[in-house]
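Notes follow once the structure below has been shown.
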Amino acid sequence: MRPHTATRRHVLIGTATAAAGAVVGPGHAVQAAPGAPVDVPALVIGTGYGGSVAALRLALAGHRVTMLEMGQEWNRPGHDGRVFARMTEPDERSMWLRRRTAMPISHLTGVPLDRPIKLGAGVLDRVDFAAMGVYCGVGVGGGSLVNGGMAVRPRRDYLAEVMPGLPLDDFFARHLPLAERELGVNHVTEALLEASPYYQYARLGRDTAQASGRRVVPVPNVYDFAYLEQEAAGQAPGSATANEVIFGNNHGKRDLTKTYLARARATGLVTVQAATRASGIERAGDAFVVRAEMLTADGTVSGTVVYRAPRVFLAAGSLGTTELLLRSRAAGGLTGLSEELGFGWGPNGNTMLGRANHVWQPTGARQSTIPVLGIDNWAYATGQDRVFAEIAPFPAGIDTYLSLYLAITASASRARLSWDATAGRMILDWTRAHAAASVTAVRRTFDAINAKQGSTYRVDLFGSDRTFSDHFTYHPLGGCVLGTVTDRAGRVRGQGGLYIVDGSLAPGSLGVNPFLTITALAEQIMETVLAEDLRS
Ligand code: FAE
């Protein structure tokens with residue numbers, strides 16, 4: 001095992017001696033007989049939205065829960081006094097096991113923006129497949145640590161279209177409002193939106209869209225806007241106003257560690273094993289044996305640990321959960337899984353673009369990293385032309401006159417995740433052609449704005465051959481689609497006791513930013529599972 005070094009922050013959080021069968025984690029110890037698996041009543045793999053809901057609901061019902069999380073526990077300040085690095089000052093905290101950043105906006109005026117960084121178990125992963133890069137949050141709190149906090153309700157008609165069979169009355173009447181309350185969703189204040197220099201870019205994005213007859217809607221968020229007002233006024237340490245977002249927010253954001261996970265841990269029944277990556281699941285009689293690797297702060301495997309649990313909740317996200325199931329099936333640990341495992345994957349139609357404004361249309365040198373407005377054409381578009389585009393920030397410290405947008409389309413393109421036995425890894429058959437309909441839809445929306453404004457697209461943001469980003473996503477969805485790989489309550493078919501509660505259940509497209517829907521879906525699943533499978 002690698003020695004712990006006092007100079008590293010977030011050093012190895014759990015250590016394991018597989019031979020002795022003992023695991024020591026932060027603030028707790030779990031003991032097992034030498035060589036034997038650690039027996040736990042319920043295991044949750046992943047600490048993002050689905051995992052946090054599962055842990056809280058299980059614990060409130062009196063069940064002991066052990067959570068495994070491959071990333072770190074982000075609760076200790078680093079060398080600069082901050083827990084997370086700023087977007088503009090990346091270091092080993094920023095990216096998951098990379099020696100160079102992999103920024104979504106990779107270039108500006110032809111200059112590459114990526115920089116060398118020290119290798120570390122950082123908070124933002126980018127998983128590169130042949131034609132698609134997938135960004136994911138890694139750490140206790142999952143995607144909530146790195147995301148923009150936008151908590152957008154899905155449209156009822158679109159959910160009915162993409163997830164037929166979901167009990168929508170209940171979902172909209174109870175589970176979505178519950179998720180919004182637990183996550184602390186709130187709205188930007190009038191003062192910030194209409195007067196703050198930090199939202200000049202949002203006001204310009206709104207005005208130029210409305211001038212072309214486009215509808216602009218408010219976008220709710222879990223970032224605390226009362227805090228944002230204070231930081232904008234210089235009365236509290238800056239986070240949204242200080243270039244913090246995709247590598248974590250040091251203040252203001254109600255990420256899962258402050259909401260669901262905090263409540264779950266407060267029960268005293270939830271143990272989180274950070275820096276512990278599940279690597280395989282095997283059926284063993286009425287239970288499951290889950291193997292996991294303990295990781296150091298630079299990602300080295302320092303030991304292994306084995307758990308045994310009669311109930312396992314998979315919450316490792318679209319890629320993580322699908323990979324675990326594909327890998328476990330390939331290794332012979334799980335048999336009889338649905339043939340549809342890996343299918344139905346999509347990037348939620350994610351397409352980014354930039355527009356160059358005129359010199360009399362400044363976007364602001366100072367910009368809040370938390371978006372608050374979106375352009376919405378769903379009222380007057382059909383099929384794959386439906387677009388919801390957030391007016392996104394580009395905080396550069398100088399005025400760039402750049403309007404940036406993250407568009408989400410109703411793309412019908414789906415791809416398949418599968419196991420490449422030769423390479424020993426998961427692959428994705430997404431091609432650039434899969435994104436063509438999204439790019440066309442987005443182009444239609446923004447061509448109209450450019451025509452009215454006499455403005456042009458920025459062609460210098462995503463490398464030499466792209467005006468629209470058709471090669472990465474923040475919103476991986478699918479792989480274990482609800483009602484195919486699982487039943488309607490997230491029970492993995494053919495594997496009693498194994499459940500899925502995360503974004504892998506959603507069929508590649510939700511039409512809006514996904515975490516609110518994922519959270520509400522996990523609430524619905526847990527309600528059913530607790531009532532039907534775990535009633536004591
Ligand atoms: P997720 O939150 O990804 O959690 C999975 C967890 O499992 C992670 O902590 C992983 O480290 C962990 N894990 C994976 N594999 C293993 C393993 N083998 N063993 C142990 N642990 C493992 O899953 N969505 C919005 O709705 N609004 C936004 O504003 C927004 N902005 C985003 C910005 C960025 C930069 C990114 C990357 C994403 C954004 N998203 C946004 C997407 C959102 O964060 C994502 O849909 C959810 O986090 C997915 O939730 P899950 O519970 O599926």
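The values are calculated or read from the model by the stated rules, or taken from the named source; none is laboratory data. All figures in this text were calculated on a predicted structure; none of them were measured in a lab. Virtual Cβ from ideal backbone geometry, glycine too; neighbours counted across all protein chains shown. Just so you know, the surface numbers come from the protein's heavy atoms only, side chains and all, with ligands and any DNA or RNA stripped out. Shrake-Rupley method; radii C 1.70, N 1.55, O 1.52, S 1.80 Å.
Structure notes:
- Breaking point among (1) away from the ligand (no atom under 13 Å from the Cβ); (2) farther than 20 Å from THR528 by Cα; (3) not aliphatic (A, V, I, L, M), for ASP170: (2)
- Residues being open to solvent by less than 10 Å² (accessible area, probe 1.4 Å) and in contact with a strand residue (DSSP E or B) (Cβ under 6 Å, 6 or more places away or on another chain) - total across the range 407-427: 5
- Here ASP487 fulfils each of the conditions (1) over 21 Å from the mean Cα position of the chain (by Cα); (2) open to solvent by less than 20 Å² (accessible area, probe 1.4 Å) apart from (2).
- Set ASP39, ASP114: member being of a type outside the set (Val, Ile, Thr) and without any contact (Cβ under 8 Å) to a residue 40 or more places away in the chain: ASP114
- When the range 307-334 is filtered for residues that are among the β-branched types (Val, Ile, Thr) and within 28 Å of ARG93 (Cα to Cα), the ones remaining, listed by number, are THR321, THR322.
- A search for C-beta distances below 6 Å between a residue of the range 301-322 that is touching a residue at least 60 places away in the same chain (Cβ under 8 Å) and more than 7 Å from the ligand (Cβ to nearest atom) and any residue that is in a strand (DSSP E or B) and among the hydroxyl-bearing types (Ser, Thr, Tyr), counting only pairs 6+ apart in sequence or on different chains, returns PHE313/TYR499.
- The residues listed here are THR259, THR241, THR304, THR322; of these, the one that is modelled with pLDDT of 95 or more, within 29 Å of TRP419 (Cα to Cα) and open to solvent by less than 40 Å² (accessible area, probe 1.4 Å) is THR322.
- Counting only residues that are out of contact with any strand residue (DSSP E or B) (no Cβ under 6 Å at 6 or more places or on another chain) and touching a residue at least 60 places away in the same chain (Cβ under 8 Å), the range 272-294 holds 3 of them.
- Whenever a residue of the range 144-167 is among the polar types (S, T, N, Q), its partners that are buried (at least 24 other Cβ atoms within 10 Å of the Cβ) and modelled with pLDDT of 95 or more, lying with C-beta atoms within less than 6 angstrom and at least six residues away or across chains, give the pairs SER144/ASP255; SER144/LEU256.
- Residue check, PRO197 modelled with pLDDT under 95 and either farther than 23 Å from LEU256 by Cα or open to solvent by 20 Å² or more (accessible area, probe 1.4 Å) (or both): no
- Selected residue (criterion: surrounded by the most Cβ atoms within 10 Å (Cβ to Cβ)) from residues of the range 341-384 that are closer than 23 Å to LEU477 by Cα and hydroxyl-bearing (Ser, Thr, Tyr): THR351
- Scanning the range 286-297 for residues that are over 15 Å from PRO41 (Cα atoms) and open to solvent by 20 Å² or more (accessible area, probe 1.4 Å), we see that the one that is farthest from the ligand (Cβ to nearest atom) is ARG291.
- The range 507-536 residues that are at pLDDT 95 or above and outside any loop (DSSP other than H, G, I, E, B), paired with ones that are of a type in the set (Ser, Thr, Tyr) and more than 12 Å from the ligand (Cβ to nearest atom) (beta carbon under 8 Å, 6 or more apart): ILE525/TYR499; VAL529/TYR499
- Qualifying residue in the range 132-152 (condition: open to solvent by 10 Å² or more (accessible area, probe 1.4 Å), more than 14 Å from the ligand (Cβ to nearest atom) and assigned to a loop (DSSP other than H, G, I, E, B)): no
- Yes/no for LEU119 being under 18 Å from GLY299 (Cα atoms) and not β-branched (Val, Ile, Thr): yes
- Pairs where the first residue, in the range 188-215, is more than 26 Å from TYR380 (Cβ to Cβ) and touching a residue at least 24 places away in the same chain (Cβ under 8 Å) and the second is of a type in the set (Phe, Trp, Tyr) and crowded, with 17+ Cβ neighbours inside 10 Å, C-beta under 8 Å, 6+ apart: THR189/PHE225; LEU192/TYR198; LEU192/TYR199; LEU192/PHE225
- Subset of the range 390-409 [on the phi < 0 side of the Ramachandran plot and more than 16 Å from the ligand (Cβ to nearest atom)]: ALA396, ILE398, ASP399, THR400, LEU402, SER403
- Single residue of the range 491-506 satisfying the filter (crowded, with 22+ Cβ neighbours inside 10 Å and more than 12 Å from the ligand (Cβ to nearest atom)) that is farthest from THR335 (Cα to Cα): TYR499
- Scope the range 507-522; condition more than 10 Å from the ligand (Cβ to nearest atom) and open to solvent by less than 10 Å² (accessible area, probe 1.4 Å); matching residues: GLY508, SER509, GLY511, ALA520
- Only one of the listed residues (ALA179, ALA160) is open to solvent by 20 Å² or more (accessible area, probe 1.4 Å), of a type in the set (Gly, Ala, Ser) and either within 14 Å of the ligand (Cβ to nearest atom) or under 24 Å from ALA412 (Cα atoms) (or both). That residue is ALA160.
- Residue that is farthest from ALA415 (Cα to Cα), among those in the range 456-484 that are open to solvent by 20 Å² or more (accessible area, probe 1.4 Å) and hydroxyl-bearing (Ser, Thr, Tyr): THR456
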